[in-house]
Amino acid sequence: MIATLVALAFATQAGRPMLDQRRVDLLQFEVRLPETLTPAERTRAVATFTADTRTIRACPDAARIAARYKQDRIFSGTLTSRPNAPYAALPAPLRAELAKVPTGHATRPFGSARELRVLIACSALKLPRRPASQGTI
């Protein structure tokens, strides 16, 4: 009887997607492009950001690139840390991009004509820690 109930429970769950409760530590690296750029300048700026973010192998690399941009006044940008972010809350296209790159590497740039972004997974996907049980056995 118990085996039948367990089989029925698994069959019922197979039809419904399980909620993905994994978490990830993310870093978003964003640069803003001036509206005054010509199309050729915009193309060069995108190529520079793309080439620089391809060299990222760990989250501190993004901070070094951002500091260089600030010092050289190439781009105006921000780094936003999102620790313990729910992976399922990310839009599906971003989850697909993160799945393509190793931990510590940047996704392909995405955004708009005014701003470019990359995401970097600073940690591997992990399940949330559950608090220790208070009950006795």
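The values are calculated or read from the model by the stated rules, or taken from the named source; none is laboratory data. Bear in mind the structure is a predicted one, so any value in this text is a computation, not a measurement. Because the Cβ atoms are built from the backbone with ideal geometry, glycine has one as well, and the counts that use them run over all protein chains shown. We work out accessible area using only protein heavy atoms, side chains counted, and drop any ligands, DNA or RNA first. Shrake-Rupley method; radii C 1.70, N 1.55, O 1.52, S 1.80 Å.
Rolled with a 1.4 Å probe across the full set of protein chains, the surface gives Ser112 an accessible area near 60 Å². Amide H contacts of His105 (H built 1.01 Å from N, in plane; Pro and chain starts excluded): Ala121 sit under 5 Å, all sequence-distant by 5 or more or on other chains. Here the peptides 19-27, 39-47 are ranked by packing, the mean other Cβ count within 10 Å, and the order with the highest first is 19-27, 39-47. A crude spin-label estimate for the pair Ala89 and Gln71, with each label 7 Å from Cα along the Cβ direction, gives 3.5 nm.
Scanning residues 5 or more positions from Ser76 or on other chains, those with amide H under 5 Å from its amide H are Arg32, with H placed 1.01 Å from N in the peptide plane. With the cut-off at 1.5 for a/c, could you classify region 49-137 from its C-alpha gyration tensor as rounded, prolate or oblate? Verdict is prolate for region 49-137. Which stretch or stretches of region 60-103 have amide N atoms under 20 Å from the point lying 7 Å from Glu41's Cα along the Cα→Cβ direction? Only 69-78 pass the distance filter.
Spin-label model, Thr103/Arg32: points 7 Å from Cα along the beta carbon direction are separated by 3.4 nm. Coupling constants for region 50-59 follow from the phi torsions by the Karplus curve (6.51 cos²θ - 1.76 cosθ + 1.60, θ = phi - 60°), and in residue order they are 4, 5, 5, 6, 5, 8, 5, 10, 7, 4 Hz; glycine and proline get x.
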